[in-house]
1. Each label point is 7 Å from the Cα along the Cα-to-Cβ direction; what then is the distance between the points at residue 75 and residue 29, in nm?
2. Once fully extended, how much extra length lies between residue 194 and residue 159, figured as 0.36 nm per residue of separation less the alpha-carbon to alpha-carbon distance?
């Protein structure tokens, strides 16, 4: 149990969940407390998921750190963030990619879209936006340098692979594993799997 943002971050650094300077900087700048309901503030720096609205959760901090380290976000990248739920991962990414590049969060739950749009004002990010997703959860007609998915899929969504630029990276939970996808060509990709994780399900057009 941790009782401050600094204690949580220092522990994640000690345990090697956090390693990269710019990701550590983002965790220091973007406070998890701003993305949970008031009744959970006493637990906000504990390293486990917390409930938000509509049966969704804000992810465990060490899991978020692990996924961002796999994603390796950089300045000057356009990133698609799917299933953030709380907007926390979107804010962390927006802090990293710098003001001239963009982070787009797609969300299907109406309540989350409405509420967390207001949270954009807390950090005044001009490079982050939220859109209501359609039934398929894909951003049609666009390609991205990086894609982060924070809900588990039963199999790798090929529509998301199509939206990834060649030689760039997607991090996505598939069943009980976090997978790092690197697109090699229009028809091929590499996949590295890390087992032992639990997420809420990704809702696509099949439900």
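Throughout, read-outs are computed from the coordinates displayed, never taken from laboratory work. Being a predicted model, the structure only gives us computed values, none of them experimental. Heads up, the Cβs are rebuilt from the backbone with ideal geometry, glycines too, and the neighbour counts pull from every protein chain shown.
1. Placing both labels 7 Å along Cα→Cβ, they lie 1.0 nm apart.
2. 10.4 nm
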